[in-house]
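Some notes on the structure that comes next.
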Amino acid sequence: MPSSPITDEPVVQVRDLQMSYGPRAVLTGVDLDVHRGEVVCLLGPNGAGKTTTIEILEGFRLPSAGTVRVLGGDPATGDDAWRARIGVVLQSWRDHPRWTPRRLLSYLGGYYAPYATPDHPRPYEVDWLLTTVGLTDGADRKIATLSGGQRRRLDVAVGVIGRPELLFLDEPTAGFDPEARRDFHDLVHRLSDLEGTSILLTTHDLGEAERLADRILILNEGRIVADGSPDALARQVAGRAEVRWTCAGEVFVHATDEPVPFVRELLAQHDDISDLEVRRADLEDTYLAMVHRSESTPRSPELVEVTR
C-alpha cells in the first residue's frame, strides 16, 4: 500500500464551537483542525468537553453555535455516503453474542461496498482485518465466548471495516492487556502511515498519547488551551531541569535552566556523587501545567500553540 504522509488538507475544521446544556456552557469557543493522515489526541480532565466535541464531529449532537466541517460536509446533515467515509470506535457497544467475528464483519462490510470509489475501495478484506487486529484465533467463535480483550479488538475491527478516511477512537485501549495495546498501536500507525487515515482519539493514558499522536490538543474549561506535538509541548514547560543527586548520604535537588554546566561543576567539586539524575518535563508534567495554567487565568485563557 502506498505511503500517505500528513498533508495540509484539513479533514476536520472547527471554528468557535460552542455547546451549552441549559445554563451550563460546556464548550465556549473551540477551534481545531485535523489534517489528512494525522493522528491527533484530545486530552483533558473529566468534564472538559471531550466527548461532546467528538459527538458533534460525528454528527450525533448538534452544537449551540460555531462552524463544523468534517470531510467537507456538515456532520449534522451528513448522508449515508458521508457516513461511509468515517469510522467510530466507542468505549463499548452492544454486540451480537451469537454471531462470530468473521460473520459480523462480513455482514457489516456489505453496507460499505456500494460507496467504494477507485481512490477509496471499501470495505477491508475480512481475513486481513481479523489478522491485523489479532482476532484470527477467535474468528469463528461466538462473540459471547470471547474474552474482554478479544471483544475490544472486535470493537476496533467494527470501527474500521469500512476503510474510513477519518477514524474516531474513544478510549480505544480501555481493558486491553499490554500485548493487545501494543498490537493496537501498531494498527494505528499502519492506518495513518500507509492508509492515510486521519485519526482523532481521546484517552486518559498520557503514555499512549505520547506514543501515538502527531499532535496533542489539551481541552479544558470548554476550549483548547494547548496545541502541539508531544515534544514541542514538553519543551514549552521544560524551562527548568531538575537535578537530583546523593552526596555523603544526603539527597539534594536543584532546579536549573542550564543542567549540563551545573552537573559538570558539581562533579568537578565532589568526588562522592552518586544517584545523579537529570529530569526534564514529560507529557504528564506538560498536561498538568497546561491545565493548571488555564484554570489560573481568570478570563479567556490563550491558546498555547507550538510547532513540531
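What follows draws every value from the coordinates through simple rules; no lab data is involved. Bear in mind that the values here come from a model prediction, so they are computed numbers and not experimental data. Using ideal geometry, Cβ is built from the backbone for each residue, glycine included, and neighbour counts are taken over all protein chains shown.
The table below lists the values:
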item: Built amide H within the under 5 Å cut-off of L146, gap 5+; result: none
item: J(HN,Hα) series, segment 146-152, from Karplus relation 6.51 cos²θ - 1.76 cosθ + 1.60, nearest Hz, glycine and proline x; result: 6, 6, x, x, 5, 5, 5
item: Mean Cβ count within 10 Å, highest first, over the residues of peptides 163-173, 53-63, 69-79; result: 163-173, 53-63, 69-79
item: Computed lengthening from D79 to E250, 0.36 nm per intervening residue step minus Cα-Cα distance; result: 54.8 nm
item: For segment 216-228, 3J(HN,Hα) per residue [Karplus equation, 6.51 cos²θ - 1.76 cosθ + 1.60, θ = phi - 60°, Hz, x = Gly/Pro]; result: 10, 10, 9, 9, 8, 6, x, 8, 6, 10, 7, 8, x
item: Exposure proxy ranking, count of Cβ atoms within 10 Å, fewest first, for Y115, Y124; result: Y115, Y124
item: Calculated from backbone phi, Karplus (6.51, -1.76, 1.60) coupling profile of segment 53-63 in Hz, x at Gly/Pro; result: 4, 5, 5, 5, 5, 7, x, 8, 9, 8, x
item: Sequence ranges 130-142, 197-209, ranked by mean other-Cβ count within 10 angstrom, highest first; result: 197-209, 130-142
item: Extension gain from T136 to D177, taking 0.36 nm per residue of separation minus the Cα-Cα distance; result: 13.0 nm
item: Net charge, R244 excluded, C-beta distance under 10 Å - Lys, Arg +1, Asp, Glu -1; result: -2
item: Computed label-point distance, nm, for sites A144 and D186 using a 7 Å Cα→Cβ extension; result: 3.3
item: Amide H contacts of V26 (H built 1.01 Å from N, under 5 Å, at least 5 apart or other chain); result: M19, S20, Y21
item: Estimated inter-spin distance, F262 and H120, nm [label 7 Å along Cα→Cβ]; result: 5.1
item: Amide H contacts of L167 (H built 1.01 Å from N, under 5 Å, at least 5 apart or other chain); result: G87, S198, I199, L200
item: Simple spin-label estimate for E242 and D31 in nanometres, 7 Å along Cα-Cβ; result: 3.4
